[in-house]
1. Gln349 is checked against (1) polar (S, T, N, Q); (2) open to solvent by less than 10 Å² (accessible area, probe 1.4 Å); (3) part of a strand (DSSP E or B) and fails just one. What number does that condition carry?
2. Restricting the stretch 450-483 to residues that are open to solvent by 40 Å² or more (accessible area, probe 1.4 Å) and assigned to a loop (DSSP other than H, G, I, E, B), which is farthest from Ile63 (Cα to Cα)?
3. Scan the stretch 135-147 and tell me whether some residue there is among the β-branched types (Val, Ile, Thr) and closer than 26 Å to Lys344 by Cα.
4. Filter the stretch 485-524 for residues that are assigned to a loop (DSSP other than H, G, I, E, B), out of contact with any strand residue (DSSP E or B) (no Cβ under 8 Å at 6 or more places or on another chain) and open to solvent by less than 50 Å² (accessible area, probe 1.4 Å); which is modelled with the lowest pLDDT?
5. Please name all residue pairs, on different chains or six or more residues apart, with Cβ atoms under 7 Å, provided the first residue is in the stretch 179-197 and is buried (at least 22 other Cβ atoms within 10 Å of the Cβ) and the second residue is in a loop (DSSP other than H, G, I, E, B) and not hydrophobic (A, V, I, L, M, F, W, C).
6. Taking the stretch 207-224 as the search range and keeping residues that are of a type in the set (A, V, I, L, M) and either open to solvent by 10 Å² or more (accessible area, probe 1.4 Å) or touching a residue at least 40 places away in the same chain (Cβ under 8 Å) (or both), which one is farthest from Arg259 (Cα to Cα)?
7. Inspect the stretch 323-330 for any residue being within 18 Å of Ala387 (Cα to Cα), open to solvent by less than 20 Å² (accessible area, probe 1.4 Å) and modelled with pLDDT of 90 or more and give the result as yes or no.
8. Those residues that are of a type in the set (S, T, N, Q) and either free of Cβ contacts under 8 Å to residues at least 40 places away in the same chain or in contact with a Ser or Thr (Cβ under 9 Å, 6 or more places away or on another chain) (or both), I need them from the stretch 426-455; list them, please.
Amino acid sequence: MRVRFLGTAAVAALVLSACNGGSGSYPAGSGYPADQSASTGFTQTEIAAMPPQMRERYKANEISPVRRTADAPVSTFAVDVDTASYSNVRRFITQGQTPPRDAVRSEELINYFRYDYPLPTDRTAPFSVTTDVARTPWNPDTRLLRIGLRGYDLNYAQRPAANLVFLVDVSGSMNEADKLPLVKQALTTLADNLRPQDCVSIVVYAGAAGVVLDASSDSDEIRDALDKLEAGGSTAGGEGIELAYATARANMRAGGINRVILATDGDFNVGITDRKQLEELIEKNRDSGITLTTLGFGQGNLNDAMMEGIADKGNGNYAYIDSAAEARKVLDEELSSTLFTIAKDVKVQVEFNPALVSEYRLIGYENRALKEEDFANDRVDAGDIGAGHQVTAIYEIVPAGSKGWLGERRYAANQRTAAPVGSGNEFAFVKLRYKLPEGDTSRLIQRPVSAALLAQAGYPSGDMAFAVSVAGFAQMLRGDPLLGRWNWQDLRDLAGRPQGQYRQEFLTLIDRAEANALRTAPEGAGRE
């Protein structure tokens, strides 16, 4: 896995110090700690004074390329229900800073919001599938295909018994207002939603790991234990994860929810520090029924790459908590989707009809791309969907005969012209594979997309318009060259006058981005 270390070339090469200013170091390109140490060449005071963009770590994330349908008619990716990128981007923009380009994952911005997808008609198929098409606001020659999934809802009373282990980083770097104090608020919010059949354990790690509270259903006892947590020491993250999993196994709920919830700024420098060893530990426990959710906090040394990576390995989700309001959203309003998985290893595959579509590109999901053969391979891990979760994917496509992005090829043998094949009544065919939570064999859902939708596509409106506005916002921050001259006012006009706190806040972000003269997020130096 490639990781960008943001900032000057010198900072990028420096291999970041431990989260408490110690000597732990990270191998270039891993996103995970290594079992060696190195001098940074900077004093602790100098490192502490660096802007956040210069010390945070993000996985390299190129803009998805354009595909020629005649050459590559099939697009395959794993679903993504993480929302960390949106709240992290919001944090940067609110502070008047340009978010690092690799921090902007378009699909996570799009999926932060809920859309008007229908509920599934029955739980034998755990989610509904919706497709719609619109004209592209930034390019009159292309169209947008939106694919939406919505999982069935699960109310408070229906949720199975939960065995939760809060794994809390109490190292020195967490001793800031937007870190450990906010962790306490966030986890208290979750604890307040527990029922008598649920239990919470609290494991902490700094220089060493320990159990602060063993399996309790008493909300007062849980709040009291959280309130007493204090920060200090180095970061024995690997040891903490081992102990958290052992605690979860000791209190296993058969047929229930068994999950470790890791709250940290993402630095591991003591204990298990080898990436492969850490992943194997997480995968082993995932396969035994214990999942992992990661909650990122703070700024300055946020290891976004590691947080996202281990949540993926743990069949969980990754959220970034930048405020008490975001904590309530993730751990109160969306509690069921955060905890209860209704479908796992969910993959999407879209095949385009080359007679009707000449070129296409997928907006976002760059880090979720799969090989075509991975779709039907049940051994390939993919994303999970929780109760009430939604997933949205947007393709920009060039109808056959319209002006595309790719130039003409010179040599006749390279000039592949699609002959009409398959049904002329459909321009794409959508397939989804998923497994039930306790299953090992995938199930298949298939949906043709009518050619009439392509021919009759109008300018996006309503719910579709808002989704496209968010997608355009993300791509503008990523410096997408295919947006042409689309600007902040175009984004604002397309978003319209939305209702609800989160959509109205999005309009505020557009205003702040424009006021800060943001157009292209910095790529950062020290790319590996």
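1. The failed condition is (2).
2. Gln456
3. Yes, the stretch 135-147 contains at least one residue that is among the β-branched types (Val, Ile, Thr) and closer than 26 Å to Lys344 by Cα.
4. Selected residue: Ala521.
5. Every condition considered, the pairs that remain are Lys179/Asp265; Lys179/Gly298.
6. The qualifying residue farthest from Arg259 (Cα to Cα) is Ala208.
7. yes
8. Gln446, Ser450
The values are calculated or read from the model by the stated rules, or taken from the named source; none is laboratory data. Predicted, not measured: the structure shown is a model, and the values here were computed from it. Note that we place each Cβ from the backbone using ideal geometry, even for glycine, and neighbour counts take in every protein chain shown. Note: areas computed on protein heavy atoms with side chains; ligands, DNA, RNA excluded. Shrake-Rupley method; radii C 1.70, N 1.55, O 1.52, S 1.80 Å.
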